[in-house]
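A.B. asks: Questions regarding the structure given below will be posed in turn.
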Amino acid sequence: DVVLTQTPSILSATIGQSVSISCRSSQSLLDSDGNTYLYWFLQRPGQSPQRLIYLVSNLGSGVPNRFSGSGSGTDFTLKISGVEAEDLGVYYCMQATHAPPWTFGGGTKLELK
Amino acid sequence: QVQLKESGPVLVQASETLSLTCTVSGFSLTNYGVIWVRQPPGKGLEWMGIIWRNGNTDYNSALKSRLSINRDTSKSQVFLKMNSLQTDDTAIYYCTRSYTYWGQGVMVTVSS
């Protein structure tokens, strides 16, 4: 199974600060169809996960454009350009290229400094 | 609009069988698959399995011997059954469509 490693596990930020989260895969996530099935989710405290980004860099419906995704192959990054209070929670990457099984990263907790 | 809602017992005894229902609305189970994901308290997300729109299933290999997912398309319901529960099966259990629409989750505690 594909292993996704997220760093850091905890990220402390002030409001307005820009931050990045890394997700590294044990295998290339480039599919034979040319797509890369890498997703990002945010889980706010006490809530279900919310999909932020699909196919590496596409923003989900209603997701603010301060969120951006990038990367290719095995290395991916989620960037938040100007953290807001509503962005606090745990971020997960997920791959679907080598699914089933779908696999998630271990999570990155974004907290206020 | 698309909605999913999990239901089932909140407390189960160890060694017994867990039965959960995901009731969906706003779409047909013959057009979309439904996935089960769980999350132990304070831990990350674990993919459990999927029932595809054609009724076929795939399971997490670590759970495959204990897990089954079925559905009743006429009732728009998907069923999860997992036997031989242990305390480390204590988790929030979510159903989701395409990882875009999620239920609110149901917290299941396995008591020894």
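The values are calculated or read from the model by the stated rules, or taken from the named source; none is laboratory data. Given the structure is predicted, the values throughout are model-derived calculations rather than measurements. All Cβ positions, glycine included, derive from the backbone under ideal geometry; neighbour counts span all protein chains shown. Heads up: the accessible areas ignore ligands, DNA and RNA and are worked out on the full protein's heavy atoms, side chains in. Shrake-Rupley method; radii C 1.70, N 1.55, O 1.52, S 1.80 Å.
A.B. asks: To the nearest 10 square angstrom, what accessible area does B:Asp72 show with a 1.4 Å probe?
C.D. replies: 40
A.B. asks: How much length is gained if the chain between A:Ser9 and A:Ser70 is pulled fully straight, taking 0.36 nm per residue apart and subtracting their Cα-Cα distance, in nm to one decimal?
C.D. replies: Going from the current span to full extension adds 20.1 nm.
A.B. asks: Give me the distance in nm between label points sitting 7 Å out from Cα along the Cα-to-Cβ direction at B:Ser74 and A:Lys113, one decimal.
C.D. replies: Going by the 7 Å Cα→Cβ label model, 6.1 nm.
A.B. asks: Next question. Other chains' Cβ within 10 Å of A:100-107 residues: what's the mean? Can you show the working numbers first?
C.D. replies: Values: counts 9, 11, 10, 4, 6, 2, 3, 4.
Counting other chains' Cβ atoms within 10 Å and averaging over A:100-107 gives 6.
A.B. asks: Here is a further query. Please state the shape class of chain B: rounded when a/c is under 1.5, otherwise prolate if a/b exceeds b/c and oblate if not, all from the C-alpha gyration tensor.
C.D. replies: Working: a/c = 1.78, a/b = 1.58, b/c = 1.12.
Judged from the Cα gyration tensor, chain B comes out prolate (a/c at least 1.5, a/b above b/c).
A.B. asks: Multiplying the sequence separation of B:Lys64 and B:Met107 by 0.36 nm and subtracting their Cα-Cα distance, what value in nm do you get?
C.D. replies: Details: separation 43, 0.36 × 43 = 15.48 nm, distance 2.11 nm.
Fully extending the segment from B:Lys64 to B:Met107 adds 13.4 nm.
A.B. asks: Efficiency by 1/(1 + (r/R0)^6): what FRET value for B:Ala14 and A:Asp1, r their Cβ-Cβ distance, R0 = 25 Å, to the nearest 0.05? Each step should come with its number before you reach the end.
C.D. replies: On the way: r = 27 Å, r/R0 = 1.08.
My answer for the efficiency is 0.40.
A.B. asks: What ranking do A:58-71, B:18-31 get when scored by the average of other Cβ atoms within 10 Å per residue, highest first? It would help to have the intermediate numbers written out before the result.
C.D. replies: Values: A:58-71: 14.0, B:18-31: 16.1.
Ranking, from highest mean packing down: B:18-31, A:58-71.
A.B. asks: Right, something else. Under the rule a/c < 1.5 gives rounded, and otherwise a/b versus b/c splits prolate from oblate, where does the protein assembly as shown land using the Cα gyration tensor?
C.D. replies: Numbers: a/c = 1.71, a/b = 1.48, b/c = 1.16.
Taking the square roots of the gyration eigenvalues as a ≥ b ≥ c, the protein assembly as shown is prolate.
A.B. asks: Treat each spin label as a single point 7 Å out from the Cα along the C-beta direction, and report the A:Leu55 to B:Asn83 distance in nm.
C.D. replies: Inter-label distance under the simple model: 4.3 nm.
A.B. asks: Related question: Just to confirm a number: summing +1 for Lys and Arg and -1 for Asp and Glu over residues other than B:Leu29 whose beta-carbon lies under 13 angstrom from that of B:Leu29, what do you get?
C.D. replies: On the way: positive: B:Arg53, B:Arg71, B:Lys75, B:Arg97; negative: B:Asp72.
Taking every Cβ under 13 Å from that of B:Leu29, the sum is +3.
A.B. asks: Further question on the same structure: Can you check what the net charge comes to around B:Leu67, using other residues whose Cβ is under 11 Å from the Cβ of B:Leu67 (Lys, Arg +1; Asp, Glu -1)?
C.D. replies: Values: positive: B:Arg38, B:Lys64, B:Arg66, B:Lys81; negative: B:Asp58, B:Asp89.
Counting the neighbours of B:Leu67, the net charge comes to +2.
A.B. asks: Work out the charge dipole of the protein assembly as shown with +1 on the Cβ of Lys and Arg and -1 on the Cβ of Asp and Glu about the Cα centre, then indicate which of A:Ser28, B:Gln39, B:Phe79 is farthest towards its positive end.
C.D. replies: Farthest along the dipole direction, towards plus: B:Phe79.
A.B. asks: Another question, then. Any chance you could list the semi-axes, whole Å, largest first, of the equivalent ellipsoid that the Cα gyration tensor gives for region A:1-75, using √(5λ)?
C.D. replies: On the way: eigenvalues 99, 47, 32 Å².
In descending order the semi-axes read 22, 15, 13 Å.
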